[in-house]
1. Scan segment 296-311 for residues that are under 26 Å from the mean Cα position of the chain (by Cα) and either within 23 Å of Gly243 (Cβ to Cβ) or of a type outside the set (Val, Ile, Thr) (or both) and jot them down.
2. Of the numbered conditions (1) open to solvent by 20 Å² or more (accessible area, probe 1.4 Å); (2) at pLDDT 75 or above, Ala53 fails exactly one; give the number of that condition.
3. I'd like to know if segment 178-186 contains one or more residues that are farther than 21 Å from Ala32 by Cβ, among the aliphatic types (A, V, I, L, M) and buried (at least 21 other Cβ atoms within 10 Å of the Cβ).
4. Would you point out which residue out of Tyr303, Tyr293 is open to solvent by less than 70 Å² (accessible area, probe 1.4 Å), in a helix (DSSP H, G or I) and closer than 22 Å to Leu239 by Cα?
5. Does at least one position in segment 85-95 carry a residue that is in a helix (DSSP H, G or I), at pLDDT 80 or above and of a type outside the set (A, V, I, L, M)?
6. Could you list all residues from segment 116-146 that are among the hydrophobic types (A, V, I, L, M, F, W, C), modelled with pLDDT of 85 or more and open to solvent by less than 40 Å² (accessible area, probe 1.4 Å)?
7. Specify which of the listed residues (Leu239, Leu217, Leu230) is in contact with a strand residue (DSSP E or B) (Cβ under 9 Å, 6 or more places away or on another chain) and in contact (Cβ under 8 Å) with a residue 60 or more places away in the chain.
8. Would you please name the residue that is modelled with the lowest pLDDT, looking only at residues in segment 194-230 that are of a type in the set (A, V, I, L, M) and farther than 30 Å from Phe349 by Cβ?
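The values are calculated or read from the model by the stated rules, or taken from the named source; none is laboratory data. This is a predicted model, so every value here is computed, not measured. All Cβ positions, glycine included, derive from the backbone under ideal geometry; neighbour counts span all protein chains shown. Just so you know, the surface numbers come from the protein's heavy atoms only, side chains and all, with ligands and any DNA or RNA stripped out. Shrake-Rupley method; radii C 1.70, N 1.55, O 1.52, S 1.80 Å.
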Amino acid sequence: MTRTTPAVAPAGATPEQTPRTEREALYLSFGAQIVGGVYGFVLAQFTAALSLAGDDPFALWAAIGAAVVAAVVSTAGYWRSRAQPEQRWRRDLPAWLFTVNTISVVVVHVALAFLATYGLYRLLALGFIGLPVVTFWAVVLMAVTLGLSAYFVYLSSSSITTQRLSTLLMAFIAIGTLTATITTPDPEWWTVHFSQLGTFDDLSSWIFNGTLIAGGLLVTTFAVHISRDLGALVEAGTLVHRGVARFVSTAFVVMGIMLAFVGICPVDVNLWVHNLSASGMAVAYLVLLIAGYRNLNGMPRAYFVASSAFLAATVASVVLFIVGYFSLTAFEIIVFALIFGWIAVFIRFLGVAGRKDDTPGGMAA
């Protein structure tokens with residue numbers, strides 16, 4: 001009797017949501033709801049004046065609960081997803097590398113759960129000013145919050161691809177920086193520079209610097225997925241330069257490390273290291289952007305059109321800053337947005353490189 005060997009899933013393949021995955025996510029959600037209900041009840045008993053906002057805000061307690069649940073659930077989801085056909089290649093990674101990847105995936109899900117929950121309840125607090133959270137609503141709200149966090153985090157961590165990592169990174173950076181801007185104690189931070197957000201010894205600065213550190217860790221995780229995706233494209237003959245996988249993945253590692261050190265060393269801690277790290281990230285971005293015209297030969301033509309637009313926008317921003325049209329804050333935000341915008345575009349085109357377009361009739365051209 002002949003045994004059939006399962007085909008290896010192609011690089012960048014999207015993990016399928018199986019009934020097992022949905023079932024596990026649902027059961028974990030039920031468990032988290034029970035934990036949330038107990039957590040809300042205990043919190044209401046031991047907190048004198050629990051409210052949506054104020055000195056002891058429900059928002060912070062809910063965000064902490066969501067973060068803890070996200071840590072447990074994302075670890076389980078990412079670990080168990082190794083059994084999926086398109087993710088079995090991760091079993092061959094060195095133990096330390098798989099550990100780093102797991103930590104980055106867990107950290108970003110924890111941070112997103114915390115920030116999304118905190119931001120949502122802070123928004124609700126603006127509409128229900130002074131509303132106390134009695135025991136019943138503490139139980140209900142906490143059960144719903146932790147249950148939804150467990151459900152969505154498990155589904156997300158169970159289907160990690162390069163494209164999913166890109167989406168998580170964009171969402172994480174956007175939510176983290178926006179949360180820092182609306183919670184900062186200095187309403188005129190923007191008159192100094194973007195990095196001013198990380199100089200206050202409070203929650204907003206921890207959010208800002210933590211976002212940069214976790215974002216840098218996630219960018220380095222890209223290196224593993226990107227290296228595999230590019231290697232597969234080289235083997236398929238889509239890309240012609242055989243060293244492109246190592247070159248691009250190394251540049252992403254450098255970019256991630258530099259981004260992390262921007263958060264590790266705020267301007268009020270070590271200005272020299274902070275500026276060197278920010279400049280290093282920008283240089284890595286420009287190297288990837290410019291060298292891509294040669295090293296990424298074989299990518300869709302539209303990718304190079306987009307790269308040219310990003311390069312032109314970067315040059316224009318530098319010129320406008322030099323002549324004094326842009327303030328330092330505006331320049332930093334624009335370049336920051338261009339870097340992460342290009343990463344998103346690169347990842348999206350990487351996922352479709354080598355595929356044929358569909359004709360109007362639906363057949364491959």
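1. Scanning segment 296-311 gives Leu296, Met299, Pro300, Ala302, Tyr303, Phe304, Ala306, Ser307, Ser308, Ala309, Phe310, Leu311.
2. Every condition holds for Ala53 apart from (2).
3. yes
4. Checking each option against the conditions leaves just Tyr303.
5. Within segment 85-95 (the criterion being in a helix (DSSP H, G or I), at pLDDT 80 or above and of a type outside the set (A, V, I, L, M)), the answer is no, since none of the residues qualifies.
6. Once the filter is applied, which keeps residues that are among the hydrophobic types (A, V, I, L, M, F, W, C), modelled with pLDDT of 85 or more and open to solvent by less than 40 Å² (accessible area, probe 1.4 Å), segment 116-146 yields Ala138, Met142, Ala143, Leu146.
7. Just one listed residue meets the conditions, Leu239.
8. Filtering first and then ranking leaves Leu203.
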